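Note sheet for the following structure.
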Amino acid sequence: MPIHTTSDGWVLETQATGYALGLNQAGLLVHRYWGPRLLDPDDYPRAPDSAGWASFNNPAQLTPEEYPGYEDMKFVEPCLKVTFGDGVRDVVLRFAGAEVHEADGPELRIQLRDQAYPFRLTLHYRVHAAYDLIERWVTATNDGDTPLQIERIWSAQWHLPPGDAYRLSHLTGRHMNEFSLRREPLTHGVKVLESRRITTSHHHSPWFAVDRGHADEDAGEVWFGALAWSGNWKLAAEVTDFGSTRVNLGLNDWDFAWRLAPGESFVAPSSYSGYSYEGFGGASRRLHDFVRDTLLPHGKTLHKVLYNSWEATEFDVDEPSQIHLAELAAALGVELFVMDDGWFHGRNHDRAGLGDWWPDARKFPNGLQPLIDRVNALGMEFGIWIEPEMVNPDSDLYRAHPDWVIHFPTRARTEGRNQLILNVARADVQEYLIEKLDRLLSDHNIAFIKWDMNRNVSEPGWPDAPSDPRELWVRYVQGLYHIWGTLRERHPQVIWQSCSGGGGRADLAILRLADQIWVSDNTEPATRLGIQEGFSQLFPANTMEAWVTDMGASYLSPAFRFHVSMCGVLGIGGHLARWSAAQRTEAARWIALYKEIRPIVQLGDCYRLRSPQMHPYSALQYVSKDRAEGVLFVFRTHLQGPAVLPPIYLRGLDPDARYEVEGIPGARSGRAWMHAGLSIPLNDFASSARRIRRAAG
Ligand code: DGJ
C-alpha cells in the first residue's frame, strides 16, 4: 500500500522511495524523511520537534514545515502569503484532518485551517509509485463571507535531508540556445529561478535536480522535481543557517495577486518530485516514463517523420510551391507534411496577418483543400502552423478589437516581432479563437498542429478585469489551457506540438495538451546536440521534434546532421528543392533507418553516456524496454589532435545476455560492453550510429 497512516503521521511509498511527514509535539505539520524506501513504516524518523535559537529565532524559523505560511517569527521562504479582509497579513494554519483516497492516485489530503479566519488549505499528495514520484499541489478555500487576497501560493516546499552541502542542477538559456545544464553549489541564502514572461520561458526551466555534489549519470542520490505550469513560475532553493535545505516550486508571486471571494477555491498547479539513487540518468528516466505513460495525450504513439516548410520557404508559401515540396518530401519517405507560417490571410511577412486564421486567398485561391488532397494522395498526413495568442496590429482582428490585447490604456503598446498578445484570459477572446480554429480543423483533414508563441509580455494590463488585474498571469494560462483543451476534446486525433520560438513553452503541463515540443529554433547540429541533452534531463525523446535543415550543411556531413535529429523525433526542414538527387537518395536511406530504430529511440530508456555540453566527443544510447535492442549514437565535434578517444561504456543491457554491436565483430556479454567498453574512432565532425542487438541463444 503506497500510503501508510502511522501513529505519528503518514508514510508515502513508491517502488523504491519513501516520503514521511507528520505532526510534531507543537501540532505543526512537519517533514520527516525523503529518500530510499525503508523496510517498515515504523523505520521512518519521528516528526522533529520545534526548537528556537536565542531571541532572534522562534521555533517557527527552525521547524521543517511541509507547507509554511507567513506567520510568527518566520523568515524562511513561506509557501503562502495572504491578506485578510480586515488587513491582517499573516496566516496561522493548523492541522484539521487527513484523508487517504486510495482510488484517486492514491492521494493523501491534509486539511489545514487558519486559527482565526474561515480559511482552509488542502495539501494534496498523490503517489505515482511506479515512477518514484510524488505529486503535490494545494487548494485554498475561503469559507467566510468576505473576500481575501492571496499574494503567494506555491505548490510545494520540498525538504532535502538535513544538511547544507548540496548542489543544484538546473537549465538555463535563451532563444536559439535553450536548456544549458548548470551545476552549482547551493550556499546559504535563496537561489531563485523564475519566469516573469507569461510563458515558461527559454531562460530557465521549472525543473531541478539536487545532489550532494558527487552524483553522476549512473549513480548517486538525486532529488529532482518539476512544476507543471506554462506561465510565470518560481523556484526558490533556500539553505538556512540551521542546516536545512529546501526547494520551493510554484506560481511566481512577482506582480501576482488573487482575490478569493467567499465560497471560492484556488487550485495551485502540480509539482512532481522524486528521488533516484541511480544518478541524474535515473532521475531523467523516471520522468521520461512518467511523461510518456501518464501525461501525453497520445501516450506512446510513435511519431511520424515530418517535413516542415519554415526554413525552406518562410512566408513565401502558396499552393504550387508547397505541393512541389510535398512531392519531394513524400519521395524521401516523409509521413507528415507540415505547412508552417505564411498561409493565412494577409501573411506575406511578419508585419501582418496574425489573428486572421483563414487561408490567404491570393496564395490559396481554392482554399487549403487542393494542397491537403495532394498531400494525402502522396500518402502523407497534413499539418499546419498557428500562433493563436498573437495579433498583428495590421490584421482584421485587431482593427475590429483593439481592446482585446494585453495593455495599459495610458501606455504605448510595445510590439515584439510586430505583434501584440491577445488577452486569452478574456472569455470573448477564447470564444473567437475556439470558433476560428475549430472551423479550420472541422473543415480540413488536419492531423497535426504546431502551436507557436513568438514574444513575451509587456504592459501586463487588463483594463476590464472582473477582479484584480494581476490575476492576468494565472488567468491567461488557464485561458490558454481552456482553448487548447476544448480544441483537443473536439479533435482528439490531432497531434499538437508546443513551440514558442523554439523551446519557450516546454513544461509538464503543456505536455497534457501537446505530444511534442519544438526544442529550439537553432537547428545547427553541433550546437543542437547540447540543447537536446539539456532537454533530455526532463523530457523523453518522443516529445523532442528534431529537424535536419540546411544549417551546418556546408561543414557537416549528412550523416552527422541526420544522426543528431535521429536522437529524437526525426523531421526534415531543409529546402528540398535545392537538395541534389544524391542528397535526396541519402536522406531517404537515413529516414528508412530511422523508421526501424524509432521505437527504441522514442519509447526506450535513454542513457547519456558522454555529455556534449562537456565533451567534444559525446555519446547517447537508447535501449528498448525489454533490453533486447539498442542504438548508440557517438559524435565528435572539434577535438584538438592528436586526440586519444576514451572508450564508450554502454548502459542498460542485461549483464548476462550476449549482444552484438553493429560494426564490431563478435557477440559479448552485456557486462562486457558495459564495463570493458568499446572504441568508436571518429575524426572531427564525424558521427556514428550503431545498432545493438541481443544475440540469439
Ligand atoms: C518560430 C518557430 O520556432 C519557427 O519554427 C517558425 O514556426 C516561426 N516561428 C514561424 O514564424
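All of the numbers you see were taken from the coordinates with simple rules; none came from a lab. Predicted model only: the values in this text are computed from it and were never measured. Cβ coordinates were reconstructed from backbone atoms using ideal geometry, including for glycine residues, and neighbour counts include every protein chain displayed.
Couple of notes before you dig in:
- Charge tally in the Cβ shell below 10 Å around His407, where Lys, Arg are +1 and Asp, Glu are -1, His407 excluded: 0
- Residue-span extension gain [Phe242 to Asp90] - 0.36 nm each, minus C-alpha spacing: 52.4 nm
- Three-way shape label, region 181-279, alpha-carbon gyration tensor, a/c 1.5: prolate
- Mean residue ellipticity, 222 nm, helices only, the chain: the sum of -39500 (n - 2.57) across DSSP H runs of n ≥ 4, divided by residue count and rounded to 500, is -6000 deg cm²/dmol.
- Entries in Lys300/Lys595; Lys363/Lys450; Lys191/Lys234; Lys450/Lys625; Lys304/Lys625; Lys304/Lys436 that, when Cα-Cα distance is taken, lie over 18 Å: Lys363/Lys450; Lys450/Lys625; Lys304/Lys625; Lys304/Lys436
- Additional length obtainable on full extension of the chain from Arg693 to Asp373, 0.36 nm per residue less Cα span: 111.1 nm
- Amide proton proximity set for Trp547, modelled H, under 5 Å, gap of 5+: Gly571
- For region 28-139, alpha-carbon Rg over 2.2 N^0.38 Å: 1.20
- The loop-placed chymotrypsin sites (Phe, Trp or Tyr not before Pro) in region 31-77, going by DSSP, that have at most 15 neighbouring Cβ atoms within 10 Å of their Cβ come out as Phe56, Phe75.
- Segment Val267-Asp443, length gained on full extension (0.36 nm per residue, minus Cα span): 59.7 nm
- Three-way shape label, region 418-464, alpha-carbon gyration tensor, a/c 1.5: oblate
- Each of the GluC sites (Glu not before Pro) that DSSP puts in a loop and that has at most 15 other Cβ atoms within 10 Å breaks the chain; the longest unbroken stretch is 416-661.
- Averaging the Cα positions of each part gives two centres, and for region 305-345 and region 187-242 these lie 39 Å apart.
- The chain: antiparallel DSSP beta bridges as a percent of all, rounded to 5: 80 percent
- Residue among Gln621, Ala377, Gly670 farthest towards the positive dipole end of the chain, charges placed on Cβ: Gly670
- Simple spin-label estimate for Thr301 and Asp550 gives 3.2 nm between the two label positions (7 Å along the Cα-to-Cβ direction from each Cα).
- Shown in residue order for region 218-228 are the 3J(HN,Hα) couplings computed by the Karplus curve 6.51 cos²θ - 1.76 cosθ + 1.60 at θ = phi - 60°: 9, 8, x, 7, 9, 9, 9, x, 8, 9, 8 Hz (x for Gly and Pro).
- Neighbourhood charge, 11 Å Cβ-Cβ cut-off, centred on Trp518 and excluding it, Lys, Arg +1 and Asp, Glu -1: -3
- Put a dot 7 Å past the Cα of Gln149, heading toward its Cβ, do the same for Thr585, and the two dots end up 7.2 nm apart.
- Computed from backbone phi with θ = phi - 60° and the Karplus coefficients 6.51, -1.76 and 1.60, the 3J(HN,Hα) list for region 156-172 is 6, 10, 9, 8, 7, x, x, x, 9, 10, 9, 10, 9, 10, 8, 10, 9 Hz; x is used for glycine and proline.
- 11 Å beta-carbon shell around His101, net charge (K/R +1, D/E -1): -2
- Cα shape, the chain, gyration tensor, a/c 1.5 rule: oblate
- Whole-number percent relative contact order across the chain, with pairs defined as alpha carbons under 8 Å at least 6 apart: 10 percent
- Cβ-Cβ FRET estimate between Lys595 and Asp218, R0 fixed at 25 Å, reported to 0.05: 0.25
- If you wrap region 446-492 in the convex hull of its Cα atoms and look at it from every side, the mean projected area works out to 4.5 nm².
- With N the number of residues in region 313-360, Rg(Cα) / (2.2 N^0.38 Å) evaluates to 1.25.
- Loop-located trypsin sites (Lys or Arg not before Pro) across region 285-335 with a Cβ neighbour count of 16 or fewer within 10 Å are Lys300, with loop assigned by DSSP.
- Using Cβ point charges alone (K and R +1, D and E -1), the dipole size of region 276-342 about the Cα centre works out to roughly 700 debye.
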